[in-house]
Amino acid sequence: MKVEIDNLSKSWDGVIGADSITLDIADGDLVAFLGPSGCGKTTTLLMVAGIYKPTEGTISFDGRVVNEVSPKDRGIGMVFQSYALYPHMSVFGNISYPLRLQKLDKGDIKQRVQKVADMMGIGDLLDRKIAQLSGGQQQRVSLGRALVKEPQLLLFDEPLSNLDARLRLTMRGEIKRLQKDLGITSIYVTHDQVEAMTMADKIAVMSKGILQAYDVPEALYDRPKTLFVAGFVGNPPMNFFDVEISRANGEFRAKNQTIDLVIPPDRAEKAAAAKGQVTMGLRPEDVNLTGDSSAATEGHTIAGMVEVVEPLGREDLVGVKIGDIEMRVLVDKTRGVKIGDNINLAVDTSKIQLFDPETEQSLLWA
């Protein structure tokens, strides 16, 4: 099913939940709605589901406007954060519930429930009560109940938020595999950018009810079009600094009181033409620890003192004080960096992002 969302808005007594959202979802794609709490992602999902009625705009399924179509007639399956299971029913009762509402033949219901349960790996748990299941098993029941209706569109509202980290990793892979195997168009609401980046074909990044960007994960990471997208997509988050872009002796430089970096012409020309003062973004993974100061390359290194070391396992996340600013960088744990160390950082200036500090729009990817 192809889903088209056109100029979709929702407000309550002047409070805007979603503001002029426009995007198309291709048949068979999994699209993530990503953003912090209150950004409008769930509001938009509930309008697609038919639970909320739009204030403005249209929603179309395969070219048919469904604004006035009731949720039960939209051909959707929905998986909730809370699972929304009936505790007094067995696993079989929960999964079969939508089919019983349709008054299907008992033999057909049994066959379809068993097929879905086996697919979810809970085929031997159909007689159990919900309270006898683990969180992961309950999530599988919730997903099975959505799939048993054989929907054309699957809607996920933060379905993995209640699971531990290891189980979330497992369920991410299972949901992605099932979605691709079945070819069901899906919308997946999450605040977790790792979930969005690893699962989605395309990601709609939202903030304060506004669609900030809609693109494939790689483009959002490498070519963020707004300051918000740059800061929200990527873990650890991007570092930001106010700098002045200037040109001297054939070189572009980004400078403030503590930073002086040579910027590649393909990155700096647009910024210099637009204005001098810009916001520079630099990801922690695009900075490397060099040797002693004699190995520093002028215009591509920054010297500072280690203030914080956060072990992440294979790497350490290191907070480096550079004058009156702080930069967070990823360092191989074998380097043995300690608080108080004076270090030199080599910057991959080809990865630097530049933004207009007033509009917060990218000066590179507008």
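Strictly over 31 Å apart at the Cα level, which of Lys41/Lys180; Lys2/Lys115; Lys41/Lys321; Lys208/Lys338; Lys202/Lys351 would you flag in this model?
Too far apart for the 31 Å limit: Lys41/Lys321; Lys208/Lys338.
GNM, the chain, Cα, under 10 Å: largest mean-square fluctuation among Ile76, Ile16, Ile187?
Ile16
Write down Rg/Rh for the stretch 239-355, rounded to two decimals, with Rg from the C-alpha atoms and Rh from the Kirkwood relation over Cα pairs.
Answer for the stretch 239-355: 0.98.
Based solely on its DSSP helices, what 222 nm [θ] is calculated for the chain when runs of n ≥ 4 H residues each add -39,500 (n - 2.57) and the sum is averaged over all residues, nearest 500 deg cm²/dmol?
After summing the helix terms and dividing by residue count, I get -7500 deg cm²/dmol.
Testing the spin-label approximation: label points 7 Å from Cα along Cα→Cβ at Asn7 and Asp324. State their distance in nm.
It is 4.8 nm.
Arrange the following residues from fewest to most other Cβ atoms within 10 Å of their Cβ: Ser90, Ser134.
With the fewest neighbours first, Ser90, Ser134 line up as Ser134, Ser90.
Can you compute the FRET efficiency between Lys351 and Ile51 using 1/(1 + (r/R0)^6), with r the Cβ-Cβ distance and R0 = 45 Å? Round to the nearest 0.05.
0.60
How far, in nm, would the chain grow between Asp266 and Ser82 when pulled straight, counting 0.36 nm per residue and subtracting the alpha carbon separation?
The span from Asp266 to Ser82 would gain 61.4 nm if fully extended.
Between Thr58 and Leu169, what FRET efficiency follows from the Cβ-Cβ distance if R0 is 35 Å, with the result rounded to 0.05?
0.40
With all pairs of different alpha carbon atoms counted, what Kirkwood hydrodynamic radius in Å does the stretch 184-273 show?
About 15.3 Å for the stretch 184-273.
With each label point set 7 Å from Cα along the Cα-Cβ vector, what nm distance links Ser20 and Val65?
2.0 nm
Could I have the simple spin-label model distance between Glu285 and Asp118, label points 7 Å from Cα toward Cβ, reported in nm to one decimal?
For the pair Glu285/Asp118, the computed spacing is 4.0 nm.
Test of understanding: what is the full-extension gain from Met89 to Gln257, defined as 0.36 nm times their sequence separation minus their Cα-Cα distance?
Difference between extended and current length: 53.9 nm.
May I have the convex hull volume per residue, in Å³, for the Cα set of the chain?
It is 168 Å³ per residue.
So how do Tyr97, Tyr86 line up by other beta-carbon neighbours within 10 Å, fewest first?
Placing the least packed residue first, the sequence is Tyr86, Tyr97.
So if I take the alpha carbon set of the stretch 100-241, get Rg, then get Rh from the Kirkwood formula, what is the Rg over Rh ratio?
Using only Cα positions, Rg/Rh for the stretch 100-241 is 1.06.
Once you have the alpha carbon radius of gyration of the stretch 66-105, what is it after dividing by 2.2 N^0.38 Å, with N set to its residue count?
1.38
Explain nothing, just compute: Karplus ³J(HN,Hα) = 6.51 cos²θ - 1.76 cosθ + 1.60, θ = phi - 60°, for every residue of the stretch 317-322 in order, whole Hz, x for Gly and Pro.
Using θ = phi - 60°, the values come out as 8, 10, x, 10, 8, 10 Hz.
All of the numbers you see were taken from the coordinates with simple rules; none came from a lab. Please read all numbers here as calculations on a predicted model, not as lab measurements. Heads up, the Cβs are rebuilt from the backbone with ideal geometry, glycines too, and the neighbour counts pull from every protein chain shown.
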